[in-house]
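Single-structure report; data block below.
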Amino acid sequence: MATPAKIRASRTAERKNSRAQASDRKKETRAAAPNAFDVLEQDHRQVEGWFDEYDELKEDDDGKAELAEKICLALKVHALIEEEIFYPQARAATGDNDLLDEAAVEHAAVKNLIAEIERMKVGDDLYDAKIRVLGEMVKHHVKEEEEELFPEAASAKMDVAAVGKKLAARKEELMSEMA
């Protein structure tokens, strides 16, 4: 059986590989202003980094509460901008209802787990486990978006520049409202 340290190391390596792949995609699609993929991938990398940081903290570390709060806020804002702006545009461009329906279900599951975490405090039974499971759910969701949905939206000629501007503006608005 793998030790927690080996599991964390494996997860970190997987995230770094995912980041490298996303970076390659960014170079291919980057315009002068951030496009939809840039905005969403930046969010993905940020929250992945915070999950990595959380995994490195000791059991009694005061930083856990702060990181968990950052993670939950970022994910709530990210889910909203995807649901309000990106998913409707991607659905219209690609017609891939199955993939986008699955993404909506994944968002609902993530939101439920976030609500559970927000009702808890560090040290409560299952707190760390819920953060880890949230990280795994998000990792799975990110992988599907970046490897399936984003390429499909790009090939469908979705106006990613215009959508990126809307995403960035709405994200800024939500962050100031929810922070």
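For the peptides 102-113, 75-86, 139-150, what is the packing order when you average, over each peptide's residues, the other Cβ atoms within 10 Å and list the highest mean first?
With the highest mean Cβ count within 10 Å placed first, the list reads 75-86, 139-150, 102-113.
List, in order, the whole-Hz ³J(HN,Hα) value for each residue of region 81-91 obtained from phi through the Karplus relation with A = 6.51, B = -1.76, C = 1.60 and θ = phi - 60°; use x for Gly and Pro.
5, 5, 5, 7, 10, 5, 4, x, 5, 5, 5
For the residue pair Arg45 and Ala179, what label-to-label distance in nm results when each label sits 7 Å from Cα along the Cα-to-beta-carbon direction?
Here the modelled spin labels are 2.0 nm apart.
Please give the length that would be gained between Ala115 and Lys143 if that part of the chain were fully extended, namely 0.36 nm times their separation in residues minus their C-alpha to C-alpha distance (nm, one decimal).
7.8 nm
What's the local net charge at Ile85, with K and R +1, D and E -1, over the other residues with C-beta under 9 Å away?
The answer is -1.
For the pair Glu59 and Glu136, how long in nm is the line joining their label points, each one 7 Å along Cα→Cβ?
Using points 7 Å along Cα→Cβ, the separation is 2.0 nm.
List every residue whose amide H lies under 5 Å from the amide H of Asn35, counting only residues 5 or more places away in sequence or on a different chain, with H placed 1.01 Å from N in the peptide plane.
none
Which FRET efficiency value, to the nearest 0.05, is calculated for Leu126 and Val105 with the Förster distance at 25 angstrom and r the Cβ-Cβ distance?
The value I calculate is 0.65.
R0 = 22 Å: FRET efficiency of Ala162 with Glu84, Cβ-based, nearest 0.05?
For Ala162 and Glu84, the calculated efficiency is 0.90.
Taken together, the values in this text are just the output of simple stated rules run on the coordinates, not laboratory data. Just so we're clear, the structure is a prediction, and the values are computed from it rather than from any experiment. Neighbour counts run over all protein chains shown; Cβ positions are idealised from the backbone, glycine included.
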